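Below is one structure, written out as structure tokens; the observations come after it.
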There are 2 protein chains.
Amino acid sequence: MISNRELYPLISVDIALFSVVEETLKVLLVKRAQEPEAKKWALPGGVLKPDRDISLEATARRVLADKVAVELPHLEEVATYSGPDRDPRGWSIAVLFYALLPHDQVNALVRSKVEALSWENALSPENLLAFDHTAQLQAALEILRDKVVSHALPLHLMPEKFTLTALQRTCEAILGGPIDKSVFRRRIRGSHDLIELDEFVRGAQRPAHLYRASEGFKF
Amino acid sequence: MISNRELYPLISVDIALFSVVEETLKVLLVKRAQEPEAKKWALPGGVLKPDRDISLEATARRVLADKVAVELPHLEEVATYSGPDRDPRGWSIAVLFYALLPHDQVNALVRSKVEALSWENALSPENLLAFDHTAQLQAALEILRDKVVSHALPLHLMPEKFTLTALQRTCEAILGGPIDKSVFRRRIRGSHDLIELDEFVRGAQRPAHLYRASEGFKF
DNA sequence: AGAATAGTGTCTGTCAGACAGTATCGC
DNA sequence: GCGATACTGTCTGACAGACACTATTCT
């Protein structure tokens, strides 16, 4: 008898949802409740439902809506993983997406009785992940980094209004190292993606200008 | 009655196979023999066979082996296209790959009685393609360009031995515009991907040094 | 010699990295 | 004034674009 999976592979979607907590890049992990790989940590994912989903990106949005109670600003494909052995249930395809959650919305996680959610350090994960998710996370990180290196600003990770220093900290969190303040500011001065507001942050020091992302910026 | 496709989507692979003919970037197209979209030109593709393919990349290699009689040096994923409407047969997923064929092997096309093959100008295709293949071609081109812009040398498109001028012409074919010779040579001088041979091309002019790609170069 | 192609040298502007300096707040 | 943070100025080296120059072959 041949398995059903040899005719119809399992099609699912995995998501690397990134955010920034305490100036560190984090990724959302789920503790798997069911077999296979029960009790292991994994990237959130779910199977395609063709009767409900209009695309695989829609599948990803549906899966994410289960975990996070806010609209996600940014969702992008990374790569696809396939083969007969990566999932014990048989021939499977997983399309990996990454998503960015502004760090002022990190607490918008949905309470769930069946599964535990956790923000894990994205650059140096503590645990080995289920399936091929360690490789997936690595691939998502790489794309994220490439974008920032090639002068794209991770504005989707920022709250509506933010200071330049906060933006710099976010870039540093993604790249994993310090950036010279002068260099950083010189580079983004040429960018049309930022709009300077007439508002300031007042704290225990010199007030900082607030900025917001321009309407149709690209990441 | 619901269609079978609403339970099990059609999973296929499309390939943008690039090569260079007469210093122009070309892409291999197939004239579709069967419905749907019969007689329209399209990127070569085929459906996943889980009992035979060890991955979607393997599917792509199998499909290509039908069209081209040589081992392909380079095959890489571009993106995936999905949804209920992109193929009239119902919910479908197509994973797009691009592949590079050295331009001295452009004639290694397999004769086929059922389908016509053609090398089409990749930068400005003559015809509208079937399904969403026009968009797919555009996406594959973009990735190809990005790589060359970010200082990667398209050595997979070159024959085993080649001159620097030939390499430059290939880069120009991909980017669609001229490159300054001095700039080009200065940039690749720092590259460890090229090995200078002790051989020369003798023609009607000053002989040119031959080069080959180093073993483990990345593209 | 002249045509043709291979290959180099040089000038200039731009920009990144490094680091020091100035500005403006709370206390 | 002092600490802290925001923000700017400047020096230097590397590199890109542009373009002229030299080198080596064939006819």
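Bear in mind these aren't lab numbers, they're just calculated from the coordinates by the rules spelled out. Computed from a prediction, not measured in an experiment: that's the story for all the values here. Ideal geometry is used to build each Cβ from the backbone, glycine not excepted, and the neighbour counts take in all protein chains shown.
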Next on the checklist: Roughly how far apart, in whole Å, are the Cα centres of segment A:11-83 and segment B:62-139?
Outcome noted: 30 Å
Next on the checklist: Can you compute the equivalent ellipsoid semi-axes for the protein assembly as shown, i.e. the square root of 5 times each eigenvalue of the Cα gyration tensor, sorted largest first and rounded to whole Å?
Outcome noted: 39, 33, 19
Checklist entry - Setting aside same-chain residues fewer than 8 positions from B:K181, which lysines have a Cα under 21 Å from its Cα? => result B:K147, B:K161
Checklist entry - Taking the label point as lying 7 angstrom from Cα along the Cα-to-Cβ axis, what are the distances from B:K181 to the corresponding position in the remaining copies, in ascending order and in nanometres? => result 5.0
Next on the checklist: Run the helix sum for the protein assembly as shown: -39,500 (n - 2.57) per DSSP H stretch of 4+ residues, divided by residue count, reported at 222 nm to the nearest 500 deg cm²/dmol.
Outcome noted: -7000 deg cm²/dmol
Checklist entry - What does the average come to when, for each residue of peptide A:41-48, you count the partner chain Cβ atoms lying within 10 Å of its Cβ? => result 1
Item to check | Mean shadow area of segment B:77-219 over all directions, Cα convex hull, nm² | outcome: 11.5 nm²
Checklist outcome for this item: About its Cα centre, chain A carries a charge dipole, from +1 on Lys and Arg Cβ atoms and -1 on Asp and Glu Cβ atoms, whose size in debye to the nearest 20 is 420 debye
Checklist entry - Which one of B:L25, B:L64, B:P36 has its Cα pushed farthest toward the positive end of the charge dipole of segment B:4-149, where Lys and Arg give +1 and Asp and Glu give -1 at the Cβ? => result B:P36
Item to check | Total lysine pairs under 13 Å (Cα atoms) in segment A:1-121, excluding pairs fewer than 8 apart on one chain | outcome: 5
Checklist entry - When Lys and Arg each count +1 and Asp and Glu each count -1, what net charge do the other residues less than 11 Å away from A:Y98, Cβ to Cβ, add up to? => result -3
Checklist entry - What is the minimum Cβ-to-axis distance for chain B, in whole Å, where the axis maps B onto A, and to which residue does it belong? => result B:Y8, 2
Checklist outcome for this item: Toy charge model, Lys and Arg Cβ at +1, Asp and Glu Cβ at -1: segment B:126-219 dipole around Cα centroid in debye, rounded to 20, equals 460 debye
